[in-house]
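Please treat every number below as a calculation from the coordinates, not as lab data. Treat the numbers as computed from the prediction; the structure is a model and nothing was measured. Note: ideal-geometry Cβ built from the backbone for every residue, glycine included; neighbour counts use all protein chains shown.
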Amino acid sequence: MGELGGPLWDLVTGTAALRGDEFFRELTRLLARAIGVPVALVTAVDRHRGTAHTLAAWVDGDWADPPLEYALAGTPCGRVVEGAETFACTGGVRDEFRGVQSLEELRIESYLGSPLRATSGEVIGTLCGLDREPMRDPVQAREVLEAFAARAAVELERIRAEAELEHQRRFLRQVLDVTPCFIFAKDREGYFRLVNRAVADAYGTTIDGLVGKTDADFNPKADEVAFFRKIDLEVMETQQEQRIPEEPVTDATGRVRWVQTIKRPMVGPDGTAQFVLGVSTDVTELRSTREELLRRQLEEKRKVQDELDRVRDDLVRQTRLAAIGQVAASIAHELRNPLGVINNATFYLRRQIREPAPKLAETLEIISQEVRAADRIITDLLEMSRGKSPSKTAVDLAALVHKTFGELERAPGMRLEVRIVPDPFLVDADPDQLRQVLANLLLNAMQAMPDGGRITVDALRESGVDVITVLDEGPGVPADLRTRIFEPLFSTKTKGTGLGLTICRQILEYHGGAIWVAPAERGAALRFRLPALPAPGPEPT
C-alpha cells in the first residue's frame, strides 16, 4: 500500500460506523489531513439545475455551516463535472477562475477535485481539496483524493438510493391512501400486513393500528369475519383469483357497507402463496340506487298493471252496460205495455169492487207494488244505458240530503243525522243526478236496517275535492264484496236488481268523481268524491 496505506486505513477505520452527514464531515476532515490542505469540500450535484450544494466542508480546522448551494458554471468543480475526471490546478486557480467569490474570500491558490460517480457512470458529486499555496505533491494527493472520492461516491449513491426508495414508498403510500377503495394484504394467519387509509378509516383506527391485527379485532360480526377468512385461505391454497360481487363489511360505527372484492394470491419464490392481496370497492350507494331503481320499476309496473286492470274492468263493465242497454232499449216498450195493462186492470178492479174483502185488497196492493218495482227496474236500465252527461251547478248538499230522505218510504225509527259544515256546503253537481245517487245510497242504508236506525251523512273539503260519506248501522259489507257491489246486476239482497250502485258509480264518474266502500267500525260507509266547486261559484239551486 506504500504511502497511500495510512490515509486509506484512516478512511476505513474512521468512517466505518458513520452514515450520511456524519460520514461526509469526517471524510472531509480526514481528506484535509491526508493531503495537507486547509480546505476540503464534498458536494452533491444537480445536473438538471446546473448546481451543487455542499454536503460537508472542512475549513481551517473546523466544519463550515450551514451548507451552501452554488452554480457550477465557471467554477473548478464545474470543470470536474463537465470533464467527469479529476482536475488539478496546482497554482493560480483564482486567475483561471476569476469571479468565484469563495476562492477570493479564502484566498485559494491551488485546487484538486475528483468526480463522484454512480455505478451507472453518472457524476453525482465532487470531492476536492483547496490550498492557499501551490500544491506540493499533486501526484500523491491525486491518488489519495481519488480513493476518498470512490468511497464518498458509494455513500452518496446509497443516500440517493434510500431517498429515491423513500420517495417511491411515500408516493406508493399516497397512491394507496388517495384511492377510496379498500386495499389490503393479509398473511395465512389472517393478520393485516398492508392496508390503506380507507380500510383503517372503515375500522375506526390508523394504518399502524391495523397492521398486525385481524378483522376480528375490529369487526363484531363473526359471520363476516369467518367468510373473509374462508375466501382468503381458498385464494392462497388454490392460487386462484376470486371475485366476490357483493359482500357486507360492518364498519366501526356499526354501519353495514357493501363491497365488491377481488382477491389474488401473492406467490413467493418458493412457489407458495403466503399472502393474499385484496381490493374492495364500496358499492353501497350503487346497491341502494339499484334497489331504489328496482323498487321504482316494480312500483311503476304495479301502477301500469293496476291501470291495465282498471281499463280492462272498465271495458268489461262498459261492454256489459252496453249489452244491458241494448236489451233494455229493445224490450222496455214491450214490457211497459203489459205492465200498463196490469196496472189499469188493478185500478179498474178497485173501482168496481167498492168494498173488497181484506185478502182481495191485499192482493191488489201486491200487484200494484210489483208493477211499480218492475217499472223502476226498466227505468234504471234505461238510465244506466243512456249515461247522460251532467249539467253541473252549485248544489246545497245538506238541503238536498234532507229533501231526498223525506221523499223515501222508510220504516219507523229511521233517523237521519247530517254533519255537514259549513252550511251551506255547496257542491258542483247535476242536482237531479246527485239526488239519484243520494236516494240510492240512503235507500240501501235503510234496507240494511229494516228495524230502523241512524243514517249519518257527513262531508268535508280537502285539496280541491269534496268527500261525502253515507254511514249506516247495519251489518256492513264483507271485505271480499267491497268492489263487486258496484258491478252491474250484482246484489246481496234477495230482491235487489244490482243496478243502484252501478248507476251511482256511472253518474259520479261522469262528474269526474268516484265511489268506494270506506272502513267503518260499525255498519257500511259508502264514500264518494266530487271535484270541488270552483270559486267564486254561482248561486245555489
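Would you work out which of Val267, Thr253, Ser102 lies farthest towards the positive end of the dipole of the chain, given +1 charges on the beta-carbon of Lys and Arg and -1 on that of Asp and Glu, about the Cα centre?
Checked the options; the winner is Thr253.
Return one quarter of the surface area of the convex hull spanned by the alpha-carbon atoms of region 2-170, equal to its mean projected area, in nm².
Mean orientational projected area (region 2-170, Cα hull): 9.9 nm².
What's the extension gain from Leu460 to Asp65 if we count 0.36 nm per residue and subtract their Cα-Cα distance? Please list the in-between numbers first.
Values: separation 395, 0.36 × 395 = 142.20 nm, distance 9.39 nm.
Between Leu460 and Asp65, full extension yields an extra 132.8 nm.
Using only the Cα atoms of the chain, construct the convex hull and provide its projected area averaged over every direction, in square nanometres to one decimal. Intermediate values should be presented prior to the final figure.
Details: hull surface 209.0 nm².
Approximately 52.3 nm², given one-decimal rounding.
Sum up the lysine pairs in the chain that clear both bars: alpha-carbon distance under 24 Å and a spacing of 8 or more or different chains.
The number of close lysine pairs in the chain is 13.
Calculate the FRET efficiency for Arg173 and Ser102 from the Cβ-Cβ distance with a Förster distance of 45 Å, rounded to the nearest 0.05.
Details: r = 40 Å, r/R0 = 0.90.
So the FRET efficiency works out to roughly 0.65.
What is the sum of charges around Ala398, taking Lys and Arg as +1, Asp and Glu as -1, for the other residues whose C-beta is under 14 Å from the C-beta of Ala398? Numbers along the way, then the final one.
Values: positive: Lys403, Arg419, Arg435, Arg461; negative: Asp396, Glu417, Asp423, Asp458, Asp466.
Net charge around Ala398: -1.
What residue among Thr75, Ile159, Val316 has its Cα farthest toward the positive end of the dipole of the chain, where the charges are +1 on Lys, Arg and -1 on Asp, Glu, each on the Cβ?
Of the listed residues, the answer is Val316.
Would you mind computing, in nm to one decimal, how far apart the modelled labels at Ala16 and Arg290 are, each placed 7 Å from Cα along Cα→Cβ?
Placing both labels 7 Å along Cα→Cβ, they lie 6.6 nm apart.
How large is the charge dipole for the chain, taken about the Cα centre, if only the Cβ atoms of Lys, Arg (+1) and Asp, Glu (-1) carry charge, to the nearest 20 debye?
Values: 69 positive and 83 negative charges, 674 e Å.
Dipole magnitude for the chain comes out near 3240 debye.
Taking the beta-carbon count within 10 Å as an exposure proxy, list Lys230, Lys213 from fewest neighbours to most.
On the way: Lys230 10, Lys213 15.
Neighbour counts put them in this order, fewest first: Lys230, Lys213.
Using the Cα centre of region 388-531 as the reference point, and only Cβ charges (+1 on K/R, -1 on D/E), how large is the resulting charge dipole? Debye, rounded to the nearest 20.
Working: 17 positive and 18 negative charges, 53 e Å.
Around 260 debye, computed over region 388-531.
How much net charge surrounds Leu106 when only the other residues with a Cβ under 11 Å from the Cβ of Leu106 are counted, with Lys and Arg +1 and Asp and Glu -1?
Net charge around Leu106: -2.
Counting Lys and Arg as +1 and Asp and Glu as -1, what is the net charge of the other residues whose Cβ lies under 12 Å from the Cβ of Glu22?
0
Take region 179-282, compute every pairwise Cα distance, and split them into 10 Å bins from 0; I just need the percent in each bin.
Percent of pairs per bin, in order: 16, 53, 27, 3, 0.
Taking the beta-carbon count within 10 Å as an exposure proxy, list Ile353, Ile207, Ile503 from fewest neighbours to most. Before the final figure, lay out the partial values.
Working: Ile353 12, Ile207 17, Ile503 22.
Listing Ile353, Ile207, Ile503 from fewest to most nearby Cβ atoms yields Ile353, Ile207, Ile503.
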